[in-house]
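*Asks:* Mind having a look at this structure? Questions to follow.
The values are calculated or read from the model by the stated rules, or taken from the named source; none is laboratory data. Because the structure is a prediction, the values reported are computed rather than measured. Here the Cβ positions follow ideal geometry from the backbone for every residue, glycine too, while neighbour counts run over all protein chains shown.
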Amino acid sequence: MGQICSGMRVFVIVGLMWVVVATSVRGGDLFHEDFSHAKIGSVPSRLLILGGEFSVMKAGKERFLELAEKPLDLHAVMFGPAKKDGVTVGARVLGFRKGRRSYPAFGLGLNGVSGYRLMVSPAKEQLELFKGEGIVKAVPFAWKPDGWTQVRLRCQSAGSAWELAAKAWPDGEKEPARWSLSWKDKVSPLTGRATIWGAPYAGTPIRFDDLRVIKVKQD
């Protein structure tokens, strides 16, 4: 899962340099996309696909961005304004288990493709924080299959370091008051856009909704 699929690297420079105008849809939000007005079968123009087959789909009255079940690799989408720190990225993600031992993996990130990436890894029962392609921190996490999962990742400066904090919980349940995972980086992050990530290892689609980039409130 630490490997970024071939063909994605060519987008790194583009993704880091692509600066979009932040659209404030409600207090604190720098970006929000819930796909409620997106055309079925399309991809909103303010998203940048970095690999994989993504398209807006519908189930009942709900619309979402869906990653197809093939190819079985790690794929990503960029969105929101390019930022260095002081932001939280959030999304709802729905993954499906196949049988008893086949699981998807999914997550989101900050600071571009080579930045920070938080992955929900049901096969390992962990939340994993990557910097680039290497894991820097992992904590236990019990994923509930076939239901939406809320995922959050925050990056903010703290003196001469940068604090990363992450959490995930079943959609519909109360948000945990505390962050599940935290890690400090002494190296300044690059300015880059937020990302969502999906690896359909179970051979089933992965759905994404409510993509947000939120400005962190200063104490």
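*Asks:* List the pairs whose first member sits in region 182-193 and is over 18 Å from LEU118 (Cβ atoms) and in contact (Cβ under 8 Å) with a residue 24 or more places away in the chain, whose second member is in a loop (DSSP other than H, G, I, E, B) and basic (Lys, Arg), and whose Cβ atoms are under 8 Å apart, counting only residues at least 6 apart or on separate chains?
*Replies:* Pairs that qualify, where the first residue is over 18 Å from LEU118 (Cβ atoms) and in contact (Cβ under 8 Å) with a residue 24 or more places away in the chain and the partner is in a loop (DSSP other than H, G, I, E, B) and basic (Lys, Arg), are SER188/LYS84; THR191/LYS84.
*Asks:* Here's a follow-up. Considering only region 129-156, state which residues are closer than 14 Å to LEU110 by Cα, at pLDDT 95 or above and not hydrophobic (A, V, I, L, M, F, W, C).
*Replies:* LYS131, ARG152, ARG154, GLN156
*Asks:* Give just the number: which of (1) on the phi > 0 side of the Ramachandran plot; (2) buried (at least 22 other Cβ atoms within 10 Å of the Cβ) does GLY203 not satisfy?
*Replies:* (2)
*Asks:* Go through region 180-219 and give me each residue that's assigned to a loop (DSSP other than H, G, I, E, B) and among the β-branched types (Val, Ile, Thr).
*Replies:* Scanning region 180-219 gives VAL187, THR191, THR204, VAL216.
Conditions tested, residue by residue: (1) among the polar types (S, T, N, Q); (2) surrounded by fewer than 18 Cβ atoms within 10 Å (Cβ to Cβ); (3) under 12 Å from the mean Cα position of the chain (by Cα).
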residue	(1), (2), (3)
GLU53	no, yes, no
ALA59	no, yes, no
GLU66	no, no, no
LYS70	no, yes, no
GLY99	no, yes, no
PHE106	no, no, yes
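*Asks:* Let me ask another. Kindly indicate whether TYR116 is farther than 15 Å from PHE208 by Cα, buried (at least 22 other Cβ atoms within 10 Å of the Cβ) and modelled with pLDDT under 95.
*Replies:* no
*Asks:* Can you tell me which residue is farthest from the chain's Cα centre (by Cα) among those in region 108-155 that are closer than 17 Å to VAL87 by Cβ and of a type in the set (Val, Ile, Thr)?
*Replies:* Among them, the one singled out is VAL113.
*Asks:* Looking at (1) crowded, with 19+ Cβ neighbours inside 10 Å; (2) at negative phi; (3) at pLDDT 95 or above, can you tell me which one PHE35 breaks?
*Replies:* For PHE35, the exception is condition (2).
*Asks:* Within region 186-198, track down each residue that is out of contact with any helix residue (DSSP H, G or I) (no Cβ under 9 Å at 6 or more places or on another chain), more than 19 Å from PRO122 (Cα to Cα) and surrounded by 15 or more Cβ atoms within 10 Å (Cβ to Cβ).
*Replies:* Those that are out of contact with any helix residue (DSSP H, G or I) (no Cβ under 9 Å at 6 or more places or on another chain), more than 19 Å from PRO122 (Cα to Cα) and surrounded by 15 or more Cβ atoms within 10 Å (Cβ to Cβ): PRO189, ALA194.
*Asks:* Determine if region 125-138 includes at least one residue that is farther than 14 Å from LEU181 by Cα and β-branched (Val, Ile, Thr).
*Replies:* Taking every residue of region 125-138 in turn, none turns out to be farther than 14 Å from LEU181 by Cα and β-branched (Val, Ile, Thr).
*Asks:* Let me ask something else about it. Considering only region 131-151, state which residues are buried (at least 18 other Cβ atoms within 10 Å of the Cβ) and within 21 Å of LYS184 (Cβ to Cβ).
*Replies:* Matches in region 131-151: LYS131, PHE141, VAL151.
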